[in-house]
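The values are calculated or read from the model by the stated rules, or taken from the named source; none is laboratory data. All values reported here derive from a predicted model rather than from experimental measurement. Cβ placement follows ideal geometry from the backbone for every residue including glycine, while neighbour counts extend to all protein chains displayed.
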Amino acid sequence: GAGVSQSPSNKVTEKGKDVELRCDPISGHTALYWYRQSLGQGLEFLIYFQGNSAPDKSGLPSDRFSAERTGGSVSTLTIQRTQQEDSAVYLCASSGTSGGPYEQYFGPGTRLTVT
Amino acid sequence: AQSVAQPEDQVNVAEGNPLTVKCTYSVSGNPYLFWYVQYPNRGLQFLLKYITGDNLVKGSYGFEAEFNKSQTSFHLKKPSALVSDSALYFCAVRLRNSGNTPLVFGKGTRLSVIA
């Protein structure tokens, strides 16, 4: 079956512009996660959804970042007024149906470059 | 709070030699433990997980990991390294019975296998 997909794969934007990043999770997965990875470094957790609710938004770096999930499926991460420090690879993952020690399945990421 | 430590930023090993990538964890209860691999310009791929039972877990591509509760470790091992194993490796933890909460990742260890 299809894995997690993300679009666009690459995005170059000018400082100050808004961007939207999209994630399509594996069908039936109830949990969805956003992470950020800078220059092949570690993963920085941003936000996670269970269904359409976000129990944990603790990783969002500032109020310029927001995310939503509709229909328990697709999620969009929006960055307003982008800054150069927002440049990174944004990774989405999904997991499980409910409970259980399910691993997270990752998409290929969106590489964001803010010029 | 949960945390994962990968004490080595970089591990170098000759092709054909055994490899070990170290991971220690800290949780306030019993953990589920995971290993992921990231090849260049790709998302993270799941390798293996420890849930319960046998402390030695076997996963993809000939990798295995040993859960050691007394040392709070979950080191990744392979008996004979291949050049194609060169990648970034992440250890992750989730507290048991915490549902689909996000995995907590270590900072990653870059493995370089030299021919």
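Numbers at a glance
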quantity: Qualifying residue in segment B:73-80 (condition: surrounded by 14 or more Cβ atoms within 10 Å (Cβ to Cβ), of a type in the set (Gly, Ala, Ser) and in contact with a strand residue (DSSP E or B) (Cβ under 6 Å, 6 or more places away or on another chain)); calculated: yes
quantity: Scope segment A:61-115; condition within 15 Å of A:LEU46 (Cα to Cα) and β-branched (Val, Ile, Thr); matching residues; calculated: A:THR76, A:THR78, A:ILE79, A:VAL89, A:THR110
quantity: Selection count where residues are surrounded by fewer than 17 Cβ atoms within 10 Å (Cβ to Cβ) and in a loop (DSSP other than H, G, I, E, B), scope segment B:102-115; calculated: 2
quantity: Restricting segment A:48-58 to residues that are within 11 Å of chain B (Cβ to nearest Cβ) and without any contact (Cβ under 8 Å) to a residue 24 or more places away in the chain, the residue that is farthest from A:ALA88 (Cα to Cα); calculated: A:GLY51
quantity: In segment B:78-100, residue modelled with the lowest pLDDT [restricted to those that are part of a loop (DSSP other than H, G, I, E, B) and more than 7 Å from chain A (Cβ to nearest Cβ)]; calculated: B:ASN97
quantity: Subset of segment A:1-31 [aliphatic (A, V, I, L, M) and either in a loop (DSSP other than H, G, I, E, B) or more than 9 Å from chain B (Cβ to nearest Cβ) (or both)]; calculated: A:ALA2, A:VAL4, A:VAL12, A:VAL19, A:LEU21, A:ILE26
